[in-house]
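The values are calculated or read from the model by the stated rules, or taken from the named source; none is laboratory data. These numbers come from a predicted model, not from an experiment. Methodologically, a virtual Cβ is constructed for each residue, glycine included, from the backbone with ideal geometry; neighbour enumeration extends over all protein chains shown. When the accessible area is computed, the model is the full protein with side chains, heavy atoms only, and any ligands, DNA or RNA have been set aside. Shrake-Rupley method; radii C 1.70, N 1.55, O 1.52, S 1.80 Å.
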Amino acid sequence: MKKRLQQIQKKAKEEIASASSWEMVDKLRIKYLARRGLIAQEMSQIGSLPEDERPEVGRLANEVRKQVSRLINEAKTRFPRKFRQVGPRIKGQIVKSKDITIPGKRPPQGHLHPITQITEEIIDVFSRLGFSVVEGPEVELEYYNFTALNIPRDHPSRDPYDTFYVKEDVLLRSHTSPVQIRVMEAAQPPIRVLIPGRTYRPDTVDATHHFMFHQIEGLMVDEDVSMADLKTVLSIFAREVFGFEVKTRFRPSFFPFTEPSADMDISCFLCKGKGCAVCGQTGWIEILGAGMVDPKVFEAVGYDTEKYTGFAFGLGVERVAMLKFGIDDIRLFFEDDLRFLRQF
Ligand code: FA5
């Protein structure tokens with residue numbers, strides 16, 4: 001046992017000398033000096049020795065323990081100790097502030113663009129009427145943008161001066177109507193969808209025109225859908241968005257993909273229909289084009305034209321936003337001027 005104690009002392013000395021951190025030294029303390037450490041294990045066996053040997057072995061064991069303890073204490077002074085940080089904590093993390101009850105700094109918070117706000121408001125109205133939202137590609141095939149919509153080959157809107165072509169047969173969509181075709185190709189009636197999105201036309205930019213603007217398309221197809229349904233749905237929309245006093249009127253119009261077609265006007269929000277500069281003295285402002293889906297469009301998507309009828313409409317979101325917020329120049333929406341945008 002004496003020999004073992006001497007070996008333990010020698011080994012401890014070597015190991016302590018080669019330790020390279022405070023933590024390593026502390027592990028050696030546990031290995032040798034802890035309650036169940038190597039030295040304590042030896043000491044626990046002293047009682048089983050012959051009585052006359054016990055005092056001497058006991059002294060030696062004590063001596064070894066003192067030595068190892070001294071070496072360990074010395075070794076610990078060689079290394080800087082990482083102390084536990086103290087201070088106020090939030091979720092276990094030390095915080096620098098002495099007073100953690102001081103309110104935090106609020107990061108600047110933005111809000112939705114007015115066009116997005118109006119789009120969401122319109123979606124909200126139509127979703128209560130059972131319409132769901134669908135989106136389609138902004139880079140579109142000529143087939144969907146024109147051909148399937150019964151727009152003839154020689155129609156002026158197909159001219160490169162009136163549409164942004166990416167290459168032959170591929171273009172930036174000039175309206176959201178191509179998504180009508182994509183929806184009808186993918187699903188059978190009954191259909192009630194709303195299609196918001198960006199559209200592009202090489203129009204000269206002025207107070208009411210932009211080369212990029214937003215439209216919201218609506219499409220409802222079912223058995224027995226009539227012009228009366230179209231008028232009802234759009235009148236509800238106008239009342240919900242512009243208020244209960246607003247009046248609506250439908251004027252005959254023409255679109256190759258609807259028959260009959262109509263433009264919907266709302267009574268001028270400013271002069272209440274009396275006539276002013278905003279409405280060009282007419283008392284009315286046009287906000288959308290609409291009509292009953294032309295049977296030729298149903299043929300293009302393989303719908304039974306005897307069984308189904310439907311209506312479609314397309315409104316300019318900027319136009320609606322300008323009327324609702326009283327904005328007189330469409331360009332303000334897209335100039336990213338925070339002094340303008342913060343007002344909404
Ligand atoms: C259309 O685009 C048709 N697709 C609408 C439609 C859909 C009719 C379904 C029937 C059935 P129009 O070219 O009139 O129609 O455009 C619709 C709206 O887009 C206009 O009333 C106007 O508010 C807006 N708009 C058109 N050109 C511009 C432009 N350059 N800048 C801003 N808004 C525009």
Subset of the range 306-319, residues more than 8 Å from the ligand (Cβ to nearest atom) and open to solvent by 50 Å² or more (accessible area, probe 1.4 Å), comes to Glu306, Lys307, Thr309
Inset, instruction - For the range 235-250, state whether one or more residues are surrounded by 15 or more Cβ atoms within 10 Å (Cβ to Cβ), under 26 Å from the mean Cα position of the chain (by Cα) and of a type in the set (A, V, I, L, M). - result: yes
Note to self: Quick check on the range 332-343. Is at least one of its residues within 21 Å of Arg198 (Cα to Cα), within 14 Å of the ligand (Cβ to nearest atom), under 31 Å from the mean Cα position of the chain (by Cα) and not hydrophobic (A, V, I, L, M, F, W, C)?
What the structure shows: no
Counting only strands (runs of 3 or more DSSP E) wholly inside the range 131-212, the ones holding at least 3 residues that are within 27 Å of the chain's Cα centre (by Cα) are 191-200
If we keep only residues of the range 222-276 that are of a type in the set (Lys, Arg) and more than 29 Å from Glu299 (Cα to Cα), then the residue farthest from the ligand (Cβ to nearest atom) is Lys274
Selection status of Asp328, away from the ligand (no atom under 16 Å from the Cβ), open to solvent by 80 Å² or more (accessible area, probe 1.4 Å) and either among the acidic types (Asp, Glu) or at positive phi (or both)
no
Of all helices (runs of 4 or more DSSP H) fully inside the range 221-332, the set with 2 or more residues that are assigned by TED's automatic domain parsing to the domain that holds Gln188, more than 19 Å from Gln180 (Cα to Cα) and of a type outside the set (A, V, I, L, M) is 227-242, 317-325
